[in-house]
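Data block below; observations after.
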Amino acid sequence: QGTRDHPPASVALRDRLLAAVVACFKRHGAAAIDTPVLELRETLTGKYGEDAKLIYELQDQGGELLALRYDLTVPFARYLAMNKVTRMKRYHVAKVYRRDNPATTRGRYREFYQCDFDIAGQFDPMIPDAECLKIVHEILSELQLGDFLVKVNDRRILNGVFAACGVPESQFLAACSTVDKLEKMPWEDVKKEMVGEKGLSPEAADRIGEYVRLHGGLDLIERLLQDPKLSQNQLAKEGLGDMKLLFEYLTLFGITGKISFDLSLARGLDYYTGVIFEAVLLQQENDHVEEPASVGSVAGGGRYDGLVGMFDPKGRKVPCVGVSIGIERIFSILEQRVKASGQKVRTTETQVLVATPQKHLLAARLKLISELWDAGIKAEMLYKKDPKLLKQLQYCEDTGIPLAAIVGEQELTDGVVKLRDVATREEVRM
């Protein structure tokens, strides 16, 4: 069915992962918003290019045509337009749905979480874009997933390349979606698709191939700014100028070591208008994880200045840039690592188990656990009238509960509780 049940250990691991990502978003001053799982079908269609076939379409009993949200970006753009919001920094963590061929070992599902961060509003060029890339860098560094690379490009540069290579404007999007496959397919196959399926001439495809296999940093940007073909194209000039500015800001953030200006990056979605980026994990030597390289991109995003205007009755535009963290894919990697290392994941946050060493002390346990709960302390007890102390302590060890609060007849008489450190077996009376 392309979705999966998550046992408690998996959920605990995922929750910690989500908490780390959300903490980063909040650190950057983002407010949380939420949008419905169901959208009108017309809201989603025409926004995703070739991927539109993956939208789950529904029809309610009244005949209204609906769809499950495909991502969190289009609903956000609709929200901005409907509420006439022209400036916002937001994050959204929620499930999205895709009628895709699932590949569960690679973290690819039909129902999965997305974690989005977006900056909407008219600002000076490349400052919000640089912050989005800084967030990707922060999150991937913090999660310690190993070496990673963030590829950056610009739709305007790509369109300028297509124009300079003699591709008609009507075929830009088709060419773009084919170039996007370069990561998974060799150039020969990409060229074959461009010529055979997309109708480009072999000469145009060859000229495109000379550009889209380039990658580098500021030096490459400077070289392309001097390129006789590209410098004639206004779109490419604008894109390269902004890319230079972006790299200057990323240098100030101290993160250019992990950023690559890569002309093969296209990102298949129709709504991108400027800077686009994608983060990939690099193959680790001696890594425990089976096929770590097969996970694909773990974050992606870009600028989409025209999307909000599609939903505004008067076509008013709100420039936006955002990033989505592929939490499900990252989660797959971490889950495999935990399994390989044999470590146990705590499934609860319980701090203390209330235990009794003798019979007929259920009332004492109930009174003490109630006090702990009321004080905001995470506490548990076994649901037996007279459990053996050994069994109670064994439960602590099995579930990783660090402390046991033991109250026996002597403790009741003395008005104290014996607090036991489960790992070290040290006890204090209090």
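What is the chain by shape, rounded, prolate or oblate, if you read a ≥ b ≥ c off the alpha carbon gyration tensor as root eigenvalues and call it rounded for a/c under 1.5, prolate for a/b larger than b/c, and oblate otherwise? In terms of gyration-tensor shape, prolate. Taking the DSSP beta bridges with both ends in the chain, the antiparallel portion is around 80 percent. Considering only Ala364, Ala67, Ala77, the mean-square fluctuation computed in a Gaussian network model of the chain, springs between alpha carbons under 10 angstrom, is largest for Ala364. One Cα centroid belongs to the range 89-131, the other to the range 383-403; the line between them spans 42 Å. Within the accessible surface of the chain, defined with a 1.4 Å probe on protein heavy atoms only, the carbon and sulfur portion equals 51 percent.
Look at the Cα gyration tensor of the range 1-113: its axes a ≥ b ≥ c give a/c of at least 1.5 with a/b at or below b/c, and that counts as oblate.
Exposure check, 1.4 Å probe, all protein chains in place: Ser201 carries approximately 50 Å² of accessible surface. A probe of 1.4 angstrom, applied to the heavy atoms of all protein chains, finds Thr399 with accessible area near 40 square angstrom. Does the range 352-429 come out rounded, prolate or oblate, given a ≥ b ≥ c as the square roots of the eigenvalues of its C-alpha gyration tensor, rounded meaning a/c under 1.5 and, failing that, prolate meaning a/b above b/c? Rounded.
Build a GNM of the chain with springs between Cα atoms under 10 Å apart, and of Glu169, Glu278, Glu39 the one that fluctuates most is Glu169.
Considering only Leu372, Leu133, Leu173, the Gaussian network model of the chain with Cα springs below 10 Å gives its largest mean-square fluctuation to Leu372.
For the chain, the relative contact order comes to 17 percent (Cα pairs under 8 Å, sequence separation of at least 6).
Of the whole protein surface, Arg429 contributes about 130 Å² of accessible area at a 1.4 Å probe radius. Taking the C-alpha atoms only, the angle from helix 389-399 to the longest principal axis of the chain is near 10 degrees.
Roughly how tilted is helix 187-196, in degrees to the nearest 10 and between 0 and 90, from the longest Cα axis of the chain? Taking the Cα atoms of the chain, the angle to 187-196 is about 60 degrees.
Evaluating 6.51 cos²θ - 1.76 cosθ + 1.60 at θ = phi - 60° for every residue in the range 75-81, the Karplus couplings come out as x, 5, 4, 4, 4, 4, 5 Hz, glycine and proline recorded as x.
The values are calculated or read from the model by the stated rules, or taken from the named source; none is laboratory data. Here the structure is a predicted model, which means the values were calculated and not measured. Ligands, DNA and RNA are stripped out before the accessible areas are found, and what is left, the full protein with its side chains, is counted by its heavy atoms. Shrake-Rupley method; radii C 1.70, N 1.55, O 1.52, S 1.80 Å.
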